Amino acid sequence: MTDAQAQAAEDLWGQRASRDRLARIAAMAPTIGLDPAQVRLELQCAPNPEGAWETMVSLRAIEAEDLHQRSVACAVLADIKAQRGDAAALGLLREEALLKLKKLAKTARVVPGIKVQILPGAGAHLHDICRAMAAEPVATIEEELRNPRLPNPACPAKSGALDRGYCTCRYTAWKEDWVIDRPQR
């Protein structure tokens, strides 16, 4: 293979990687309330697709009326920032947790008696500190809103260029008379 052929092959691989990356991004769009086809079109026209995606997600994290969409947008944005080592990712994780609590508070108006339980992070992010938090007693939503335990700043979890604090524990609804069979970790 000549140098010119090698460069052409490298360019094709780069284009394919870019297309695959845009497809993955567009597939996430509905979770934050965006149309995947529109997102793909805008990203294809953007000089910096990753920057354009970050802007779109940032706007959804601020403007989405649906709390779930805002929460997911915060999580996606936290991941984007963590990959660059931006400590703002940790604040976005906090906002994601607070939005989850606010959504649970709305549910509690319909289903009285709901409290919150902490589910530990999964996979490589499961640490002793996560197990300890999951073993703590359930709390009222109001208690957690006043003094949220998530994300845990002492969490040793890493993500991207952030070497700790990327807590993947999550709040979940809990009610005394619910029997939920969750796999043991």
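Read the figures in this text as sums done on the coordinates, not as results from a lab. Computed from a predicted structure; not experimentally measured. Cβ: placed from backbone, ideal geometry, glycine included. Neighbour counts: every protein chain shown.
Here are some notes:
- Peptide ranges 154-162, 59-67 listed from the most packed, as the mean C-beta count within 10 angstrom indicates: 154-162, 59-67
- 222 nm mean residue ellipticity, helices alone, for the chain (DSSP H n ≥ 4; -39,500 (n - 2.57); rounded to 500): -19000 deg cm²/dmol
- A Förster distance of 41 Å, applied to the separation of the beta-carbon atoms of D128 and Q5, puts the FRET efficiency at 0.20.
- Model label points for W178 and Q38, set 7 angstrom from Cα along the Cα-to-Cβ axis, are 3.3 nm apart.
- In plain terms, the chain from S58 to D79 could stretch by 6.4 nm, reckoned as 0.36 nm per residue minus the Cα-Cα distance.
- Scoring 88-96, 132-140 by mean Cβ neighbours within 10 Å over their residues and listing the highest first yields 88-96, 132-140.
- FRET efficiency for L12 and T107, using Cβ-Cβ distance with R0 set to 45 Å, rounded to 0.05: 0.35
- Each eigenvalue of the Cα gyration tensor of the chain, multiplied by 5 and square-rooted, gives one semi-axis; in descending order these are 37, 20, 14 Å.
- Going from the fewest other Cβ atoms within 10 Å to the most, the residues C167, C130 appear in the order C130, C167.
- A cysteine counts as unpartnered when no other cysteine's C-beta lies under 4.7 Å of its own; in the chain this applies to C45, C74, C130, C169.
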